[in-house]
Amino acid sequence: MGLEEILEKIKEIEAKIDSLECKIETLEKVAGKGVINLNVEVPKVIVEKKPLDIRIDENELLGRIILLVKEGFFDEGKTASAVANELIRRCWYPKDLQHIRPSLEQLTFLGILERIKEKRRKGKGLKWTYIKNKNFKID
């Protein structure tokens, strides 16, 4: 590398330094004013709620409990044993009464019923009562 090439490289470096100093001065002027504008774009998210159609046969336990909901049986809080007694009264009871509580919990999960803890009238402890969800509409 010759002396001329070195001088040429030095001039290029000096030009770059001058350019950087100019940019730094511009940034210092903007920062000195205390005003820095920053624009940020945020994507908009739209959530759509679609109604879910659930078809359950009246001969199934869930269908029979939904018929009770439709008739207004759950307008006041009912325990699982009260539901079992109503199903027995109508001769709709399943072969095994242990299926009633899981069916009530399933209807709670679907948003048809709400499950509420209440104090027992006699003795200690709490009991679960099931009541119709106010936002649920049956057709």
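Flag not set for ASP57, criterion: under 30 Å from TRP128 (Cα atoms), out of contact with any helix residue (DSSP H, G or I) (no Cβ under 9 Å at 6 or more places or on another chain) and acidic (Asp, Glu). On the basis of being assigned to a loop (DSSP other than H, G, I, E, B) and under 25 Å from ILE138 (Cβ atoms), does ASN59 make the cut? The answer is yes for ASN59.
Among the conditions (1) surrounded by 12 or more Cβ atoms within 10 Å (Cβ to Cβ); (2) under 23 Å from the mean Cα position of the chain (by Cα), the only one that GLY111 does not satisfy is (1).
Looking only at the stretch 75-94, decide whether some residue is over 27 Å from the mean Cα position of the chain (by Cα), free of Cβ contacts under 8 Å to residues at least 60 places away in the same chain, assigned to a helix (DSSP H, G or I) and exposed (fewer than 10 other Cβ atoms within 10 Å of the Cβ). Taking every residue of the stretch 75-94 in turn, at least one turns out to be over 27 Å from the mean Cα position of the chain (by Cα), free of Cβ contacts under 8 Å to residues at least 60 places away in the same chain, assigned to a helix (DSSP H, G or I) and exposed (fewer than 10 other Cβ atoms within 10 Å of the Cβ).
Being touching a Phe, Trp or Tyr at 6+ places or on another chain (Cβ under 7 Å) and not in a helix (DSSP H, G or I) is the filter; apply it to the stretch 95-113 and report the residue that is farthest from TYR130 (Cα to Cα). Looking at the filtered set, the residue picked out is GLY111. If the condition is being without any contact (Cβ under 8 Å) to a residue 24 or more places away in the chain, surrounded by fewer than 16 Cβ atoms within 10 Å (Cβ to Cβ) and either of a type in the set (Lys, Arg) or under 24 Å from LEU62 (Cα atoms) (or both), then the stretch 116-139 contributes LYS117, LYS119, ARG120, ARG121, LYS122, LYS124, LYS134, LYS137, ASP139.
Would you mind stating whether GLY72 is of a type outside the set (D, E, K, R), on the phi > 0 side of the Ramachandran plot and at pLDDT below 85? Here the answer is no, as GLY72 does not meet what is asked.
You will find that of GLY77, GLY123, the residue that is touching a Ser or Thr at 6+ places or on another chain (Cβ under 8 Å) and small (Gly, Ala, Ser) is GLY77 and no other.
The values are calculated or read from the model by the stated rules, or taken from the named source; none is laboratory data. Note that this is a predicted model, so its numbers are computed, not measured. Cβ sites come from the backbone with ideal geometry, for glycine too, and all protein chains shown count toward neighbours.
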